[in-house]
Structures are given as C-alpha cells and as structure tokens.
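Below is one structure; the comments refer to it alone.
The values are calculated or read from the model by the stated rules, or taken from the named source; none is laboratory data. Model, not experiment: these values are computed from the prediction. Positions of Cβ are generated from backbone atoms using ideal geometry, with glycine treated the same way; all protein chains shown enter the neighbour counts. We work out accessible area using only protein heavy atoms, side chains counted, and drop any ligands, DNA or RNA first. Shrake-Rupley method; radii C 1.70, N 1.55, O 1.52, S 1.80 Å.
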Amino acid sequence: PRAILQWNIGSYKDVSHESLSLFWLLEPRIEILVLGTGDRVERLHPATLKQMRDCGIAVEVQDTPNACATFNFLTSENRLVAAGLIPP
C-alpha cells in the first residue's frame with residue numbers, strides 16, 4: 001500500500017546501513033529504492049549499496065528531481081518501489 005514515512009536524513013552523508021534499514025521493513029518487500037541525494041547525484045559508500053543488493057533491493061541514486069520522476073514512472077508500471085528523497 002502507498003505510505004509516506006518520515007526518514008530522518010539531513011544529507012546524503014547520513015545514508016548508512018542503519019538509515020536504510022527502514023526500507024527492509026516495508027511490506028510488501030520493495031524491489032527498487034530510488035534515492036534522491038539533493039541538487040546533484042552524490043556517491044554513496046559501496047558497502048552500503050552492497051548491503052541493499054544483498055537484501056534483494058536494487059538502489060538507483062539520482063538527484064532528487066530525477067529521483068521523483070523515476071519513482072513516478074516505476075510506480076505507474078506497478079513496480080514495488082520506494083523513494084528516499086533528500087530535498088534539494
């Protein structure tokens with residue numbers, strides 16, 4: 001079901017294994033996490049991305065405006081997707 005949850009992240013530097021654990025708890029289990037990192041695309045720690053892949057969740061990192069568009073597109077295709085969005 002559609003839901004909006006507060007994600008206590010101030011910047012892409014706060015994205016960690018612990019902060020992403022919220023997305024493992026969602027039911028039904030998501031396939032893709034679209035992560036918007038603000039005004040521009042920021043690199044996340046490779047180990048953090050690997051942990052998500054190991055849990056069966058693909059992560060797409062984009063700037064936030066493009067992440068919103070990608071999320072809307074994937075939702076329109078009925079994909080099991082979530083978005084973690086950091087305001088630009």
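Some observations on this one:
- Structure-based [θ]222 nm, the chain - -39500 (n - 2.57) summed over DSSP H runs of at least 4, per residue, nearest 500: -8000 deg cm²/dmol
- Local electrostatic count at LEU22 - Lys and Arg +1, Asp and Glu -1, tallied over other residues with Cβ under 15 Å: -2
- Applied to the range 47-60, the Karplus parametrisation 6.51 cos²θ - 1.76 cosθ + 1.60 on θ = phi - 60° returns per-residue 3J(HN,Hα) values of 5, 5, 5, 5, 4, 5, 4, 5, 8, x, 10, 7, 10, 10 Hz, with x for Gly and Pro.
- Counting only protein heavy atoms and using a 1.4 Å probe, the accessible area of ASP14 comes to about 70 Å².
- Potential extension, ARG43-ALA69 segment - 0.36 nm per residue separation minus Cα distance: 7.4 nm
- VAL61 long-range amide H proximity, modeled H, under 5 Å: LEU35
- Whether the range 12-85 is rounded, prolate or oblate, judged on the alpha carbon gyration tensor where a/c under 1.5 counts as rounded: oblate
- Placing a pseudo-label 7 Å from each Cα along the Cα-to-Cβ vector at ALA3 and GLU60 gives an inter-label distance of 2.2 nm.
- Where labels lie 7 Å past Cα in the beta-carbon direction, separation of SER76 and LEU26 in nm: 1.9 nm
- The chain - percent relative contact order, Cα under 8 Å, separation 6 or more: 37 percent
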